[in-house]
Amino acid sequence: MDRRSPPHGLDDEAGALQPARVAASHGIAVTLWTREGVRNGPLANTLSEPPAVGDWVLARPTAGDWLVQRLLPRRTQFVRHASGQETRPQVIAANVDRVLVATGLDGDFNHRRLERYLLALATSGAAATVVLTKADQCSDVASFRAQAAVMAPTVAVSARTGEGMDALRALIPPGATVALVGSSGVGKSTLVNALMGGERASTGAVRSFDNKGRHTTTHREMFVVPGGGVVVDTPGMRGLEPWADEGTHAALDAMFGEVSAAAAGCRFTDCDHAATPDCALRAGVAAGALSSERVRSWVTLHAELAQQAVLRVERAEKLALKARKGRRG
Ligand SMILES: Nc1nc2c(ncn2[C@@H]2O[C@H](COP(=O)(O)OP(=O)(O)OP(=O)(O)O)[C@@H](O)[C@H]2O)c(=O)[nH]1
Ligand SMILES: [Mg+2]
Ligand SMILES: [Zn+2]
């Protein structure tokens, strides 16, 4: 028997490990797509972090379950700032080629929210497309499409009439993995079902008084589109705070190119664009050369990223204190 170490630093036991893809996550276990079919995948407690939907892992097959032992490196990852008080990133989907940011034409469309999604996606490695849903509910689709197209490639669809569904299918070719994200009730699961040609994902009516969804989808799950690639349905997000990553500030400046270029003309390099004298942004807005909304978004998002930096320094301080206490005790 050959006792040499296997490649990639895997240990001797690695021969027993098999590659599998995480198709859904349920906290302490995941659903795995393996070459032997769908398997339940409990997580080994030695895992460095919990796998996300779309992750490739190495798992140890047993009679029933496949024990997830290792996370393989990610090609792309769509990360947001975890909701709640914590300061940590949360991976929404891994190894996705494209993220479809769905927003409803029944009153859900919001520039600020789209900007946040697109900023979070800018450093993910995945391409971004805006999907305007429920086109049948809107009499001015062209105007919304034009507004969104300034930010990212955009398609308008209706699961009800079938409008735009061919354009959507073209974004999910065989071999590709595509995630659908957006607020609750925008019709993500309905689109998945339309792509699948049947009721696969559960859907739920929006509230009649504000058209908001009821958080029908509760976990992230992958589906294979007949004749196409893999689509990931996700639960509606209340909001999305981009996770400040290497490159996020630069991505923000690139998204708001005219604003960041103008800011170079502020007299003071530490201009707060609020009360600091000779601010090129205020001057630009006053002269009608800059959009006040875009300036506000750029300033707000930079401030949020800076705030994250403060929180992370505080957290690092706390961890250091804890480590010192641990050594003493
Ligand atoms: N008029 C119209 N209604 C739609 C369309 N697509 C979805 N809906 C309705 O919108 C409601 C919400 O759809 P879902 O697919 O459950 O929405 P979701 O984005 O998956 O919501 P969560 O799972 O809560 O995040 C349902 O009542 C759908 O019938 C559409 O193209 N046109
Ligand atoms: Mg859903
Ligand atoms: Zn300024």
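What follows is calculated from the coordinates using simple rules that are stated; it is not laboratory data. These numbers were taken from a predicted model, which means no experiment stands behind them. Cβ: placed from backbone, ideal geometry, glycine included. Neighbour counts: every protein chain shown.
Let me know the shape class of segment 77-233, please: from the alpha-carbon gyration tensor, a ≥ b ≥ c as square roots of the eigenvalues, rounded when a/c is under 1.5, otherwise prolate if a/b is greater than b/c, or oblate.
rounded
Provide the net charge surrounding Trp66, with neighbours chosen by a C-beta distance below 13 Å and charges set as Lys +1, Arg +1, Asp -1, Glu -1.
For residues surrounding Trp66, the net value is +3.
Roughly what would the spin-label model give for Ser202 and Ile28, points 7 Å off Cα along C-beta, in nm?
2.1
Please name which of Thr123, Val57, Val68 has its Cα lying farthest along the dipole of segment 1-154 towards the positive end, using unit charges on Cβ (Lys, Arg +1; Asp, Glu -1) and the Cα centre as origin.
Thr123
What is segment 171-329 by shape, rounded, prolate or oblate, if you read a ≥ b ≥ c off the alpha carbon gyration tensor as root eigenvalues and call it rounded for a/c under 1.5, prolate for a/b larger than b/c, and oblate otherwise?
oblate
Go through Thr34, Gln18, Ala44 and say which Cα lies farthest out towards the positive end of the charge dipole of segment 7-71; charges sit on Cβ, +1 for Lys and Arg, -1 for Asp and Glu.
Positive-end residue among those listed: Thr34.
In sequence order, what are the phi-derived ³J(HN,Hα) couplings for segment 143-158 according to the Karplus relation 6.51 cos²θ - 1.76 cosθ + 1.60 with θ = phi - 60°, rounded to whole Hz, with x for glycine and proline?
5, 5, 4, 5, 5, 6, 5, 5, 8, 6, x, 9, 10, 10, 9, 9
What nm distance separates the two modelled labels at Ala261 and Ala316, each placed 7 Å from Cα along Cα→Cβ?
3.4
Please list, in chain and number order, the residues 5+ apart from Ala156 or on another chain whose amide H is under 5 Å from its amide H, with Hs placed from the backbone.
Leu132
For a quick protection proxy, order the peptides 142-151, 106-115 by their average other-Cβ count within 10 Å, most packed first.
The peptides rank, most packed first, as 106-115, 142-151.
Please give the calculated 222 nm ellipticity per residue for the chain, where each DSSP H segment of at least 4 residues contributes -39500 (n - 2.57) and the sum is spread over every residue; nearest 500 deg cm²/dmol?
-9000 deg cm²/dmol
Name the cysteines of the chain that stand alone by the Cβ rule: no other cysteine Cβ under 4.7 angstrom.
Flagged as lacking a Cys partner: Cys138, Cys279.
Which of the peptides 230-243, 72-85 is most tightly packed, and how do the rest follow, judged by the mean count of other Cβ atoms within 10 Å per residue?
230-243, 72-85
Along the charge dipole of segment 77-233, which of Ala159, His215, Gln147 sits closest to the positive end, that is, farthest toward it, with unit charges on the beta carbon of Lys, Arg, Asp and Glu (+1, +1, -1, -1)?
His215
For an R0 of 41 angstrom, estimate the FRET efficiency from the Cβ-Cβ distance between Asp272 and Arg327 and round to the nearest 0.05.
FRET efficiency, Asp272 to Arg327: 0.50.
Assign one of three labels to the chain, namely rounded, prolate or oblate, based on the Cα gyration tensor with a ≥ b ≥ c the square roots of its eigenvalues; rounded applies when a/c is under 1.5, prolate when it is not and a/b is larger than b/c, and oblate otherwise.
Here the chain falls in the oblate category.
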